Every structure is written in C-alpha cells, then in structure tokens.
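The block underneath contains the structure these notes are about, expressed in structure tokens.
The values are calculated or read from the model by the stated rules, or taken from the named source; none is laboratory data. None of the values given here were measured: they were computed from a predicted structure. Note that each Cβ is placed from the backbone with ideal geometry, even for glycine, and that neighbours are counted across all protein chains shown. Accessible surface is based on the protein model in full, side chains and every heavy atom, while ligands, DNA and RNA are left aside. Shrake-Rupley method; radii C 1.70, N 1.55, O 1.52, S 1.80 Å.
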Amino acid sequence: MTEHVVIVGGGTGGSVLANDLADRLEPELDAGEVRVTLINDDPDHVYKPVWLYVPFGQREPADGRRALDELVDDAVDLRIDRVTEIDTEAQRLRFDGGAPPVSYDHLVLATGSTLEPDRIPGLAEGGHDYYSESGATDLRDELLAFTEGDLVLSVVGTPHMCPAAPLEFVFMADDWLRERGLREDVDITYTYPIQRVHGNPHIAEWARPIMEKRDIHVETFFNAESVDPEAETVTSMEETELDYDLLVTIPPHTGVELIEEAGLGDDGWVDVDKHTLEAEAAENVYALGDTADTGVPNAGSVAHYQAGVVGRRLASEIRGRPATATYDGKTLCFIETGMDAASFVEFDYENPPSPAPPSEKLHWSKLAYNEAYWLTARGLL
C-alpha cells in the first residue's frame, strides 16, 4: 500500500519540505511505496522578503516570484488547488469547486499568514503596507512623491511575518531620505503595541539607541484601534492620536480559517509540540513555519529549519523507525540598518539573540542570500 504524504502550502516551508522528501525518500518514491503531494492555491512561489526593497526602488515585485513547477522536484505531485476542509478523523481533504477529496496518511500544514487590514477601521483605506505585492508597489509610488511631513510606521498586530522588517523599514527610510536631502523635512515615528520597540527584548534593547541616535520618534504601548483617512490620524486603544502624512502599517495577521474549523488551533495557527512540530489535536498531522504556534518568530529561516526536522521525522515514521529529530528553535535573520548596512542575529529556544554590529559586509550578505534563496527553495542549499 502506498503511503501518501500531503503538504498544504507552497511557501518556504512547504517547498523546502517537498524537495527534502523527494531526496530523502527517493528509493521509496521510485518503488511506488510513497507518494508526496504538494498543494498550493497559487501556481507561483513567493519570496516575500523581496517586498521590503520594492518601495525604495531596489527590487521589482517579479524578483520575488517563481513558478512552483520550476522549484519542486519532479518526483513530487504538484496540485494547484484550494483546500476548503481538513477532516482529521477521516484523514481527508476537500477542495474548492467540489473536486474529489484526497486522503492522506501524513499531513503537513504550511499555510502561512494572511493579512487582515479590515480588522482595524480605516486601515485599508488610510494605510500602506509592504507585506503584500500590491502594497509594496503602491507604497513605492507614495514614497517617491513624499517630500515632507510625518511618516508613521505602525505595527498594528503581532505576531506578524518578518518580525525585524518594521525596524528595517524605518532604518532604511531614514537613510533613503537623507540620501535624497529630505530627512530634515520628514519626521519619522515608529509605534509598537507593547512597552518596547520589538517583541524580543534583546533586539529591542539593541534597536532603541539606534532609533534615538537617528531621530526616529518612538511610541510604545500603542495599539492602533482606528484610522481616519480624511483627517490623516491614527488612534490607539490607549487614546493616543498621531497625525500622519504617510502611514505605513504592519496589518493584523491571521492564519487560514480551515485550521480553526478543523479544531487544530485558534486564528489559523496550529497548536503543536514546539520540538516535534506535531499537532496536539490530531494524529499524523504536522505544522511548520508561520502555521505552527511555537512562539518563535514567523521568519523564513524558521520554516526552512523546521522543514528539515519534519522531513527527518516523516522518513523515520514511513520506514517504521522511531522519529527522533527535534526542532531547537533555531532562527537566523539579517536586519537592514540602512541602505548599505545590516546586522545579523542567530538564536534558539535556549540562547537569546545578540545582534552583530551593523556593517556593509552583512548588508551584502543579506542581498546575496536573497539571490541564493531560489537554490534554497529547490533544496540545493
């Protein structure tokens, strides 16, 4: 009997895992003992970190897209479709449009994050983001026309993708405006919903002095409650009101509804064992990347490392051996501190981050990784 591994989601975690399994289970795939299916609702794979650079004219949206069928090993069955229901009791998936259901023996959920700007009244109309392709291109046009006034970056919801990206944007905007001779005419304000500038206290402690030195105003414990696009104000639950001429936001994030509907967790995040990545509410189900509620950042490197763990565990289970591979919380991240300098952090569940001194070398290392990412998605790095 052929064992069927189904991966839902063709982002970093899903693509890396599919290629990992194609390599790791090559003998079983060749013998017809195992089948691996990757399901995604878009024919393209999107590398979202590219969008940070689009507003500054450093990248084009197309630089962050590749066709999935060019990235995924031929041994993997690629299906472009939308899953509408997960039945963990019957181990079956249902699809949009009434297509026949698909059964699985092992399910991996890598469905990622979804932007929900409509959760905040006025946010979609009054704010701009660089967490979506259309948002990044619209923000590029706004930035090019922006020569004076109040630029506000507001982190509206946590957790969110790329936790360092809000810091990166204000650091890059500060540098970009200075290069154009406009910084004296622009006030930059950064808001964050808790009493520090980043969720991780070590990164917050590192970033705050840089913001003070570069005259980036900070409003912590600012939970945006509403935006008035006509008055150009954003108001917090704490009754603080900020004026803006250009509002850049990190919108609230959720997962996909079918996760919650399947009883696997709240807000689209799967409750998992943070070491094994196994779902707590169902057997034979794993989750990784943003989808897995582990408490680590929603970063691409996390999905990459977790994919390797899940790949090893699945291979052991399929071969009838105890699954012993575990995820230790490993995360790494480059943090742009301007247009030509960056820092770097690496940490895990036991060891906190200690950001490296910003340098041009680390900036170019980040850009090099962005170019090499497509090899990573193919499983070649």
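Residues in region 245-283, backbone N under 17 Å from the label point at residue 138 (7 Å along the Cα-to-beta-carbon vector): list them, ranges by number please. Once the point is set 7 Å along Cα→Cβ of residue 138, 245-253 turn out to lie under 17 Å by backbone N, inside region 245-283.
Under 14 Å from a label point set 7 Å out along the Cα-to-Cβ vector of residue 275, the amide N atoms of region 327-364 belong to 327-330, 349-350. What do you get for the angle between helix 300-318 and the principal long axis of the chain? Use alpha-carbon atoms, 0 to 90 degrees, nearest ten. The answer is roughly 10 degrees.
Considering only 143, 189, 161, and ranking their Cα positions along the charge dipole of region 117-252 that arises from unit charges at the beta-carbon of Lys, Arg, Asp and Glu, the one farthest toward the positive end is 161. Projecting the Cα atoms of 121, 101, 58 onto the charge dipole of region 18-161, computed from C-beta unit charges around the Cα centre, puts 121 farthest toward the positive end.
Can you give the net charge of the other residues whose Cβ lies under 15 Å from the Cβ of residue 51, counting K and R as +1 and D and E as -1? Present the calculation step by step, with values, prior to reporting the outcome.
Values: positive: 48, 59, 65, 66, 140, 366; negative: 44, 60, 63, 129, 133, 138, 141, 142, 168, 336.
Residues close to residue 51 contribute a combined charge of -4.
So which lysines pass the test for residue 330, namely a Cα distance under 30 Å, with those fewer than 8 places away in the same chain ruled out? Residue 330 reaches 48, 274, 361, 366.
Applying the Kirkwood pairwise sum to the alpha-carbon positions of the chain produces a hydrodynamic radius of 21.7 angstrom.
A DSSP coil position with no more than 14 other Cβ atoms inside 10 Å describes the following GluC sites (Glu not before Pro) in region 270-347: 280, 283.
Could you check what % of the DSSP bridge pairs in the chain are antiparallel, to the nearest 5?
Working: 27 of 64 bridges.
So the antiparallel bridges in the chain amount to around 40 percent.
Rounded to whole Å, the principal axis extents of the Cα atoms in region 1-121 read 53, 35, 20, largest first.
Can you give the net charge of the other residues whose Cβ lies under 13 Å from the Cβ of residue 225, counting K and R as +1 and D and E as -1? Cβ neighbours under 13 Å give a net charge of -3. If you take the Cα centroid of region 296-374 and the Cα centroid of region 89-152, the two points sit 23 Å apart.
Rounded to whole Å and ordered largest first, report the semi-axes of the equivalent ellipsoid of region 150-223 derived from its Cα gyration tensor (root of 5λ). Kindly include the intermediate steps, with their values, before the conclusion.
Numbers: eigenvalues 87, 29, 25 Å².
Its equivalent ellipsoid spans semi-axes of 21, 12, 11 Å.
Of the accessible area of region 117-252, computed with a 1.4 Å probe over protein heavy atoms only, carbon and sulfur atoms account for 43 percent. Taking one quarter of the surface of the convex hull spanned by the alpha-carbon atoms of region 117-252 gives a direction-averaged projected area of 7.5 nm². Along its three principal directions, the equivalent ellipsoid of region 260-340 from the Cα gyration tensor extends over semi-axes of 26, 18, 8 Å, largest first. The modelled label-to-label distance for the pair residue 114/residue 70, using points 7 Å beyond Cα in the direction of Cβ, is 2.9 nm.
The value of relative contact order for region 117-252, using C-alpha pairs under 8 Å at least six residues apart, is 37 percent.
Tell me the net charge near residue 91. Cut-off is 9 Å between Cβ atoms, residue 91 excluded, with +1 for each Lys or Arg and -1 for each Asp or Glu.
On the way: positive: 92; negative: 87, 89, 105, 283.
My count for the surroundings of residue 91 gives -3.
3J(HN,Hα) couplings calculated from phi for region 78-87 with the Karplus curve 6.51 cos²θ - 1.76 cosθ + 1.60 (θ = phi - 60°) are, in sequence order, 9, 10, 8, 6, 10, 6, 10, 8, 10, 9 Hz; Gly and Pro show x.
Identify the trypsin sites (Lys or Arg not before Pro) of region 154-228 meeting these criteria: DSSP loop state and at most 13 other C-beta atoms within 10 Å of the C-beta.
Working: sites: 178, 180, 183, 196, 213, 214; in loops: 180, 196, 214.
Answer by residue number: 180.
Between residue 261 and residue 372, residue separation times 0.36 nm minus the direct Cα-Cα distance comes to 36.2 nm. Note on residue 80 and residue 58: their simple-model spin labels are 3.1 nm apart, each label 7 Å out from Cα toward Cβ. Only Lys, Arg, Asp and Glu carry charge here, each on its Cβ (+1 for the first two, -1 for the last two); on that basis the chain has a dipole of about 1460 debye about its Cα centre. Per-residue ellipticity at 222 nm, computed for the chain from helices alone with -39500 (n - 2.57) per DSSP H run of at least four residues, works out to -8500 deg cm²/dmol. Here the relative contact order of the chain, from alpha carbon pairs under 8 Å that lie six or more residues apart, stands at 18 percent.
Once you charge only the Cβ atoms, +1 for Lys and Arg and -1 for Asp and Glu, what is the size of the charge dipole of region 152-255 about its Cα centre, to the nearest 20 debye? Each step should come with its number before you reach the end.
On the way: 7 positive and 20 negative charges, 129 e Å.
For this selection, approximately 620 debye.
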